[in-house]
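What follows is calculated from the coordinates using simple rules that are stated; it is not laboratory data. If you're wondering where the values come from, they're calculated on a predicted model, not measured in any experiment. Every residue, glycine among them, receives a Cβ derived from its backbone with ideal geometry; neighbour counts consider all protein chains shown.
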Amino acid sequence: MQQIQNGTIQVKAKMAGAELTSIVKDGVEYLWQASENVWGKHSPILFPIVGALMHNTYRIGEKAFQLPKHGFARDMEFELVAQSVDSLHYQLKYTAALLLQYPFKFELNVVYTIENDGLKVTYWVNNVDDKAMLFSVGGHPAFNCPLFSDEKFEDYELKFELEEDLFISLVNLADGTIKDEQVLLPRVKNSVALDTHLFDNDALIFKNLKSTWVSVVHKGTGKGVKMSIDEFPSLGVWTKTGTKKFVCLEPWQGLADTSNFTGQFAEKEGIVVLNPKASWKKSYIIQLI
C-alpha cells in the first residue's frame, strides 16, 4: 500500500489494479471501503474495454478474442514506477499471456496527483507496438454515500453543472450490453434525487453531456464529491441496488457493446485508435467539498 498527502488530504492506493483505497479529508473517509458482502472494490480501472462485450467476445479481422467485463487491468499487478510526497505513478505492461487475449503491445500508466483539495487521476496509454492499437479506458471510483452515520442515502443528490435533458441508455441485465432505447431521467433543474431504485436496471449511462462536472452532494450541507468529466465522452453512475452505502461516478472513454452489435472491435463506440509509438492521455479530478 502506498500513501501520499498534502496539508489537506491523504490518499492511499495499491499496486493490485493500481486501485485507490482511501481518500481522506478532515478525518472523513470519502472513498468506499470495499465491504466484500456488499461490493468488494474501491475504484477499479477499466481497460482495455469498458463494460461488457457480446458473448465476452470481440473481433479483429477474422480473429476472435475473449475479454471479461471491464477488461483485465483491474485484476493485474501494476508496477510502482515513481512516488513523491503528493504523487503516485503505476504502470502495467503487456505480457506474452495478455497478447493471447489482447493482441497489442501497450503500456498503461495510472498517475494520482494531489492538487489542493482534490485528486487528479490520469490515464496515459503508450502504444509500443508497430501497428495501430485499439482500446477503451475508464474510471470506477466509489464514494461513501452517506458520508456520516446520521445521514441517509436519500439525503444526497446527483448534481450536474448545467440543466440537461438526461437521457440514459438502458442496460440488458441478461448480458450487460446496452439496448438501443433510451429513457429520460426525471430531474429538478440540474439535480436528480438519489434513490437506489434508480439503479434497478444497472448503471445510469450518459453520453455527450454538456456539463463539465458532476457531483454527489448532501442536499442540505452541500458536502460530498465533485468530479470533472469534460475529457471523457461518457459517464456511468452506479450503486448496487438496495445497499444505500455508496455511489460510483465513472468517466468513460468507451462503452459496452450494444445488444445487436456484430461489428469489428474498431467499430465500437468510444474506441480509441492509437497510432504506432503514439501516446494518449486524459484526466479527471475528484474534488472533496
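Taken over the range 237-272, the criterion of being under 20 Å from Gly61 (Cα atoms), in contact with a Leu (Cβ under 6 Å, 6 or more places away or on another chain) and among the β-branched types (Val, Ile, Thr) is satisfied by Ile271 alone. Checking each residue in the range 43-74 for being out of contact with any Gly (no Cβ under 9 Å at 6 or more places or on another chain) and not in a strand (DSSP E or B) picks out Met54, His55, Asn56, Gly61, Glu62, Leu67, Pro68, Phe72.
Taking residues in the range 92-113 that are among the basic types (Lys, Arg), and partners anywhere that are not in a strand (DSSP E or B), the pairs with Cβ atoms closer than 7 Å and at least 6 places apart or on different chains are Lys105/Tyr94; Lys105/Val128; Lys105/Asp129. Scanning the range 78-124 for residues that are farther than 19 Å from Pro141 by Cβ and hydrophobic (A, V, I, L, M, F, W, C) turns up Leu80, Val81, Ala82, Val85, Ala96, Ala97, Leu98, Leu99, Leu100, Phe104, Phe106. State whether one or more residues within the range 147-154 are crowded, with 19+ Cβ neighbours inside 10 Å, in contact (Cβ under 8 Å) with a residue 24 or more places away in the chain and out of contact with any Leu (no Cβ under 6 Å at 6 or more places or on another chain). Checked the range 147-154: at least one residue is crowded, with 19+ Cβ neighbours inside 10 Å, in contact (Cβ under 8 Å) with a residue 24 or more places away in the chain and out of contact with any Leu (no Cβ under 6 Å at 6 or more places or on another chain). Checked against (1) surrounded by fewer than 18 Cβ atoms within 10 Å (Cβ to Cβ); (2) touching a helix residue (DSSP H, G or I) at 6+ places or on another chain (Cβ under 7 Å), Val85 passes all but a single condition, namely (2). Under 30 Å from Ala278 (Cβ atoms), small (Gly, Ala, Ser) and not in a strand (DSSP E or B), is that true of Ser149? When the stated conditions are applied, Ser149 does not pass them.
Looking only at residues in the range 116-146 that are in contact with an Asp or Glu (Cβ under 8 Å, 6 or more places away or on another chain) and surrounded by 17 or more Cβ atoms within 10 Å (Cβ to Cβ), the one that is farthest from Ala278 (Cα to Cα) is Pro146. Checking each residue in the range 1-32 for being in contact (Cβ under 8 Å) with a residue 40 or more places away in the chain, farther than 22 Å from Leu80 by Cβ and not β-branched (Val, Ile, Thr) picks out Lys25, Glu29, Tyr30, Trp32. Residues in the range 131-146 that are touching a strand residue (DSSP E or B) at 6+ places or on another chain (Cβ under 7 Å) and either among the charged types (D, E, K, R) or in a strand (DSSP E or B) (or both): Met133, Leu134, Phe135, Val137, Gly138, Ala142, Phe143, Asn144.
Out of the residues in the range 182-209 that are among the aliphatic types (A, V, I, L, M) and without any contact (Cβ under 8 Å) to a residue 24 or more places away in the chain, state the one that is nearest to Val28 (Cα to Cα). Out of the qualifying residues, it is Leu198.
Listed by position, the strands (runs of 3 or more DSSP E) enclosed by the range 243-289 that each have at least 3 residues that are closer than 22 Å to Lys131 by Cα are 272-274, 279-288. The set of residues in the range 210-235 being of a type in the set (Val, Ile, Thr), crowded, with 18+ Cβ neighbours inside 10 Å and within 17 Å of Glu29 (Cβ to Cβ) consists of Val216, Val217, Val225.
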